[in-house]
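Data first, discussion second: the structure below is written as structure tokens.
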Amino acid sequence: MARFELKLPKMGESVAEATVTNWLKNVGDTIEADEAVLEIATDKVDSEVPSEVDGTLVEILFQVDDVVQVGQTLAVIETDGDVSVATPAPAAVEEAAPAAVAEVEKTVVAAKEATETVIESSGDRFYSPLVKNIASQEGISQAELDAIPGTGKDGRVTKNDILGYLESRGVAPAAQTAAPAKTAEPAPAVKKPATSKPATPVSVNGEDEIIEMTRMGKLIAHHMVESVSTSAHVQSFVECDVTNIWNWRKKVKAAYEKREGEKLTFTPIFMEAVAKALKDFPLMNISVDGDKIIKRKNINLGMAAALPDGNLIVPVIKNADQLNLVGMSKAVNDLANRARNNQLKPDEIQGGTYTVTNVGTFGSVMGTPIINQPQVGILALGAIRKVPAVIETPEGDFIGIRYKMFLSHSYDHRVVNGALGGQFVKAVADYLEAWDVNREI
């Protein structure tokens, strides 16, 4: 018999941890390869962790609501085959070279000296490894930790609980790890989490209903506040005549649906125009890293999609500039459908370089969207309206009925000036207005 460690897999760029939301298997259950063992949630998406081997679940190392780092062992599965062993055999330790053993002992001693406080789960209260590490690094005693109110399941202390406690007592995380070299100079400002800001008291009477925010709702709220505090948001607006697109789509949509088996919406048409404009203005396809600008090679378009619970998720169309309209349409429909059914994979919501959101779906004429960090721009598509407009012809100007919409461009004024931000959104409008009504699809 061998013991296999089921580890938290890497789930894409910038995802370093996940929260255990549900165990699908219990200790003693038989598991087949590729069968889901537990459900996890990141700040981006919910997902399942499958087993890589056949066997029996013999040990669960994390409980529901615990935060797990990528690469940490979630559970141990006992198998009949030869797989990765969960713990080293005693003989292997005995046969280790003396120099290696000495090095390990030095590392252990150094680790003990660096950690003055040893935190343990006490009584009926369980602390995740992450919470224990933070408490040890920040010098929180066992008694102190036991007194912190927990907002997790069954009163469990979460990462946000302990970080909020540190802020309330005036100690920022990792602030005590080193003393400043010069006491005469003021210490650098520490960015505090949004949750640490004292909230204005809200009165509640007997007729009011209190609704707990969902996990995703809390994460979205945090990201929105963080984005506003990070980027200097500026907006540019352009009105765009999409009469040619309206008439063209009306002409081809029935044949397209019959041929491809799915609907042709306006969204892929707009995404194609945005991808073209990003190729024309590559300095809109960037990110900011401190004092450096990262110019992205690939054009990966994020597409904000509404979920049934009212939250939003942003699946990403990778290398959008390389897709023709049929390919773009299929990518848009596929991602939108799987987003609504909570079937997106973690990698499908990572790596976006620019985002598009369709506020017109809900009837809004225009909007001022918040930038999806670490990007520097986001485009809001307003509702298409039938309006009277001046039509210029060689014979003179006339009043006619046209289909028009507003394009609202929010951009980061730290690195994108008004000229670039305005030229980019105007280029998108120009591509849409120049649509060929005879185009084949």
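Bear in mind these aren't lab numbers, they're just calculated from the coordinates by the rules spelled out. Just so you know, these numbers come straight off a predicted model, no measurement behind them. Don't worry about glycine lacking a Cβ; one is built from the backbone with ideal geometry, like all the others, and counts go over all protein chains shown.
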If R0 = 25 Å, then residue 414 and residue 160, at their Cβ-Cβ distance, give a FRET efficiency to the nearest 0.05 of 0.35
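Within a 10 angstrom radius of the beta carbon, how do 424, 398, 281, 406 rank from fewest other beta carbons to most? Working shown, then result.
Working: 424 27, 398 10, 281 18, 406 21.
Least crowded to most crowded, the residues run 398, 281, 406, 424.
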Long-range amide H partners of residue 7, meaning residues 5 or more apart or on another chain whose placed amide H is closer than 5 Å, are 74
Taking Lys and Arg as +1 and Asp and Glu as -1, residues besides residue 423 with C-beta under 14 Å from its C-beta add up to +1
With label points set 7 Å from each Cα along the Cα-to-Cβ direction at residue 291 and residue 202, the distance between them in nm comes to 4.2 nm
Residue separation between residue 312 and residue 233 times 0.36 nm, minus their alpha-carbon distance, gives in nm 26.4 nm
Subtracting the Cα-Cα distance of residue 347 and residue 258 from 0.36 nm times their residue separation yields 28.9 nm
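Where Lys and Arg each count +1 and Asp and Glu each count -1, what net charge lies around residue 321 among other residues with Cβ under 13 Å from its Cβ?
Numbers: positive: 276, 279, 296, 297, 318; negative: 272, 280.
Within the 13 Å Cβ shell, the charges total +3.
Using Cβ contacts closer than 10 Å as the measure, can you line up 428, 326 from fewest to most? Walk me through the intermediate numbers first.
Details: 428 25, 326 14.
By the 10 Å Cβ count, ascending, the order reads 326, 428.
For a footprinting-style exposure proxy, rank 161, 334 by other Cβ within 10 Å, fewest first.
The order, fewest Cβ neighbours first, is 334, 161.
Want the number for residue 226 to residue 322: 0.36 nm per residue separation, take away the alpha-carbon distance, what's left? Walk me through the numbers before you get to the answer.
On the way: separation 96, 0.36 × 96 = 34.56 nm, distance 3.23 nm.
My answer for the length gained is 31.3 nm.
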Within region 287-332, DSSP-loop trypsin sites (Lys or Arg not before Pro) with at most 12 other C-beta atoms within 10 Å are 297
